[in-house]
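Trainee: Take a look at the following structure, please.
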């Protein structure tokens with residue numbers, strides 16, 4: 001099970017803050033995608049998948065108008081995320 005930068009368990013449905021975006025990803029992105037991906041930094045996003053490397057996957061969607069949408073996903077390691085909520089509905 002993956003953990004965030006503080007050692008908190010992260011699971012599908014958790015809300016995490018994106019603390020870092022891998023610079024090797026930034027370096028290979030086309031210019032037209034760069035601003036979108038950079039806008040994910042410091043965003044709180046829901047984990048939709050945990051992969052075999054214990055990385056948490058998050059996604060952000062943009063409304064491009066005229067019924068068009070676009071999304072980007074990021075794979076986050078422990079040092080790249082901070083748990084905001086474990087996804088439970090109890091308050």
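Just so it is clear, none of the values below were taken in a lab; they were calculated from the coordinates. Keep in mind the model is a prediction, meaning the values are calculated, not measured. Because the Cβ atoms are built from the backbone with ideal geometry, glycine has one as well, and the counts that use them run over all protein chains shown.
Trainee: With all pairs of different alpha carbon atoms counted, what Kirkwood hydrodynamic radius in Å does the chain show? Please report the intermediate quantities before stating the final value.
Mentor: Numbers: mean 1/r = 0.0732 Å⁻¹.
The answer is 13.7 Å.
Trainee: While we're on this one: At 7 Å along Cα-to-Cβ for each site, give me the label-to-label distance between residue 36 and residue 19 in nm.
Mentor: In this crude label model, residue 36 to residue 19 measures out at 2.7 nm.
Trainee: Relative contact order for the chain using alpha-carbon pairs under 8 Å, separation at least 6, rounded to a whole percent?
Mentor: It rounds to 41 percent for the chain.
Trainee: For the chain, modelled as a GNM with alpha-carbon contacts under 10 angstrom, which of 54, 63, 35 fluctuates the most?
Mentor: Looking only at 54, 63, 35, the largest GNM fluctuation is found for 63.
Trainee: Same structure again: Mind checking the full-extension length gain between residue 29 and residue 75? Use 0.36 nm per residue of separation minus the Cα-Cα distance, one decimal, nm.
Mentor: Stretched out fully, the residue 29 to residue 75 stretch lengthens by 15.1 nm.
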